[in-house]
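Beneath this line is the structure, given in structure tokens, with notes to follow.
What follows is calculated from the coordinates using simple rules that are stated; it is not laboratory data. Owing to the predicted nature of the structure, the values given are computational and were not obtained by experimental measurement. We place every Cβ from the backbone using ideal geometry, glycine too, and count neighbours over all the protein chains shown.
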Amino acid sequence: MIKDLWYKNAVIYCLHVGTFMDSNGDGIGDFEGLVRRLDYLAGLGITCVWLMPFQKSPRRDDGYDISDFYQVDDCFGTLGDFVEFTHQAHQRGIRVMMDLVVNHTSDQHPWFQEARRDRKSKYRDYYVWSDKRPKDHDEGMVFPGVQKTTWTKDDVAGQYYFHRFYDFQPDLNTQNPAVQEEIRKIMGFWLELGVAGFRMDAMPFVIQTKGADHRHIERYEMLRELREFLQWRKGDAIILAEANVPPDLSIRYFGDDGDRLQMMFNFWVNQRVFYALAAADSRPLAKALEQTREHPATAQWASFLRNHDELDLGRLTDDERQRVFDAMGPAKNMQLYDRGIRRRLAPMLEGDRRRLELAYSLMFTLPGTPVIRYGDELGMGDNLRLRERNCARTPMQWSTEPHAGFTRADKPTLPVIEDGPYGYHKVNAADQRRDPQSMLNWTERIIRMRKEVPEIGWGDFEIVDTGDSRVIAVRYNWRNNSVLCVHNLGGDTREVTLHLGDLAGRKLINLLTQDHSDADGRGRHHIILEPYGYRWYRIGGLGYLLDRTSY
Ligand code: NOJ
Ligand code: CA
């Protein structure tokens with residue numbers, strides 16, 4: 001087993017160039033601005049940046065509608081600026097990942113333009129067509145309520161085309177070998193420019209067979225083909241798949257022998273984390289951790305709380321989903337697509353610092369690699385006046401200067417949050433830097449500690465019985481070292497009794513405060529947790545780096 005797979009103990013930070021920092025005062029964030037903020041990111045301690053789409057695009061879906069895979073959109077800078085950015089990131093030890101959006105293109109992509117104009121064009125088969133409107137045209141929409149159909153008539157082509165997402169995002173016929181060749185070329189291009197890997201958009205749809213009135217079948221072999229190409233070009237590059245699938249299917253994505261994708265977002269656990277926080281009930285989460293336990297040793301889950309999309313609760317039971325809606329998104333305009341919540345994390349938790357720390361502490365200690373979202377380190381809020389998912393994509397709040405110091409322009413493309421408890425006068429990086437107790441400094445400390453606990457990223461875990469469904473305790477074992485993380489999901493003080501069973505387990509060294517624990521005469525720990533309290537303990541002692549006798 002290779003011992004230095006970087007993604008097994010990384011901390012990934014996801015951001016959009018366009019809303020991070022504007023250097024030239026046109027109201028849109030750009031690569032030059034991002035470069036100037038790299039020291040901020042290095043200080044936070046993250047090890048990898050995941051960039052949301054920045055390629056040329058009409059930007060009708062925030063860049064997930066690409067019209068040229070080989071260009072940086074003018075508004076963000078040039079390819080030169082991109083390379084300068086990755087170079088500067090590398091100098092600070094930060095890797096750069098990017099979105100790879102190849103399930104579909106923009107309808108403005110020259111491939112689609114040529115395909116629709118000319119039936120004989122080689123690009124016609126890059127997309128998926130039908131003469132008649134397929135019977136299942138009103139099925140399988142990803143954005144129900146906003147998107148009416150998956151088949152739209154193109155008057156120029158005289159045929160219907162398939163689109164899993166919005167109608168301006170025609171699906172690529174990803175089974176066409178010529179399209180697969182294009183995908184490899186795109187990957188090869190960006191790898192050459194220094195990226196460490198790809199967050200692959202809409203992975204289940206990329207590998208599906210597509211067609212009119214056709215049962216979509218996943219062709220999992222494609223994943224190995226992608227992996228082989230990737231690693232032939234760059235040995236330590238990875239694919240992190242966006243695939244919200246049930247646990248029994250995830251192994252197909254990782255591959256039985258770890259020969260497919262290195263990483264997947266753990267959507268299954270994500271939904272149950274929110275249920276756990278909403279209902280103070282750890283049981284479905286504990287079960288989800290067991291259900292997603294099996295994966296090849298070289299594969300890794302990506303853990304996350306909120307991302308740039310709605311929080312999709314579609315895989316909870318109706319009752320569980322309702323509990324989360326009631327607690328965190330009761331109003332209709334907080335919800336989206338009949339299945340999720342579109343708010344940012346801080347407002348979902350009513351800005352309660354104790355609950356925010358609990359949520360992040362829990363996320364950072366889930367088996368896997370944590371992925372955080374820009375602004376969450378400050379506890380940024382949302383703007384529900386913005387449509388669909390834009391509410392949680394507002395510009396980064398740097399300071400109390402106009403537009404939060406994000407831009408010198410009179411009007412940023414997306415408005416900065418100005419008023420209320422999450423307005424930039426109350427929530428910004430400059431103020432929080434000066435305050436040792438701020439969310440920003442807390443996040444920096446927890447990231448620093450997380451990196452020093454590789455057991456979480458690499459180890460095996462066991463759920464330790466606490467006798468209380470409101471308190472979840474997880475133990476990680478790796479290389480003869482163990483760590484125990486305990487979280488009280490509830491708003492009451494709880495006392496739990498834990499029995500770790502081994503000799504080393506008699507002493508628990510608290511990694512975050514001075515509050516250590518010694519077992520009683522019968523080897524049991526009695527731990528009192530304040531409301532929403534959390535503990536990270538190293539079991540036995542701190543000498544873990546010295547003690548690597550067992551692998
Ligand atoms: C998933 C992305 O996360 C989402 O933002 C986007 O709209 C769709 N894929 C379509 O690319
Ligand atoms: Ca700019």
Fill in the blank from the handout: Percent relative contact order for segment 310-452, counting Cα pairs under 8 Å at least six residues apart, stands at 18 percent
Exercise for the section: Can you tell me how much longer the chain between Asp518 and Val83 gets when fully stretched, taken as 0.36 nm per residue apart minus their C-alpha distance, in nm with one decimal? Expected result: 151.3 nm
Fill in the blank from the handout: Percent relative contact order for segment 82-220, counting Cα pairs under 8 Å at least six residues apart, stands at 30 percent
Exercise for the section: For Arg408, enumerate residues with amide H under 5 Å from its amide H, sequence gap 5+ or separate chain, H modeled in the peptide plane. Expected result: Gly25, Gly27
Exercise for the section: Counting only C-alpha contacts under 8 Å and six or more residues apart, can you give the relative contact order of segment 434-540 as a whole percent? Expected result: 24 percent
Handout entry: Spacing of the two label points (7 Å from each Cα toward its C-beta) at Asn477 and Arg119, in nm
Key = 6.7 nm
Problem - Cβ-derived FRET efficiency at R0 51 Å, Phe189 paired with Gln322, nearest 0.05 - result: 0.65
Problem - Inter-label distance for Lys411 and Leu386, nm, one decimal - labels placed 7 Å from Cα along Cα-to-Cβ - result: 1.6 nm
Handout entry: Furthest towards positive pole of dipole, Ile251, Gln262, Leu240, structure part segment 240-281, Cβ charges
Key = Leu240
Handout entry: Estimated dipole of the chain in Debye, rounded to 20 [Cβ of Lys and Arg +1, of Asp and Glu -1, Cα centre]
Key = 440 debye
Handout entry: Net lengthening on full extension, Thr400/Asp259 (0.36 nm per residue, minus Cα-Cα)
Key = 45.9 nm
Practice task
Sort 142-148, 400-406 for me by packing, meaning the mean count of neighbouring Cβ atoms within 10 Å per residue, highest on top.
Solution key: 400-406, 142-148
Completion exercise
The aspartates and glutamates whose Cα lies under 15 Å from the Cα of Lys234, excluding any fewer than 8 residues away in the same chain, are Glu192, Glu225
Handout entry: Assigned charges on the beta-carbon of Lys, Arg, Asp, Glu; segment 160-260 dipole about Cα centre (debye)
Key = 100 debye
Exercise for the section: Determine which lysines satisfy two conditions relative to Lys148: a Cα distance under 18 Å, and not lying fewer than 8 residues away in the same chain. Expected result: Lys132, Lys135
Fill in the blank from the handout: With 0.36 nm assigned to each residue of separation and the Cα-Cα distance removed, Thr497 to Lys148 gains 120.3 nm
Exercise for the section: Choose one of Pro402, Cys391, Leu378: the residue whose Cα lies farthest towards the positive end of the charge dipole of segment 370-413 (beta-carbon charges +1 Lys, Arg; -1 Asp, Glu; about the Cα centre). Expected result: Cys391
Exercise for the section: Order the peptides 108-118, 532-542, 10-20 from the highest to the lowest mean number of other Cβ atoms within 10 Å of their residues. Expected result: 10-20, 532-542, 108-118
Handout entry: Given charges at beta-carbon only (K, R positive; D, E negative), |dipole| of segment 457-551 in Debye
Key = 260 debye
Problem - Using θ = phi - 60° and Karplus 6.51 cos²θ - 1.76 cosθ + 1.60, couplings along segment 285-291 (whole Hz; Gly, Pro as x) - result: 5, 4, 5, 5, 5, 5, 5
Problem - Filter on Lys451/Lys507; Lys120/Lys153; Lys3/Lys507; Lys120/Lys210; Lys153/Lys185 - keep pairs with C-alpha separation over 24 Å - result: Lys3/Lys507; Lys153/Lys185
Problem - Förster radius 41 Å - calculated FRET efficiency between Asp131 and Trp6 (Cβ-Cβ, nearest 0.05) - result: 0.25
Problem - Long-range HN-HN contacts of His104 with modeled amide H, under 5 Å - result: Leu172
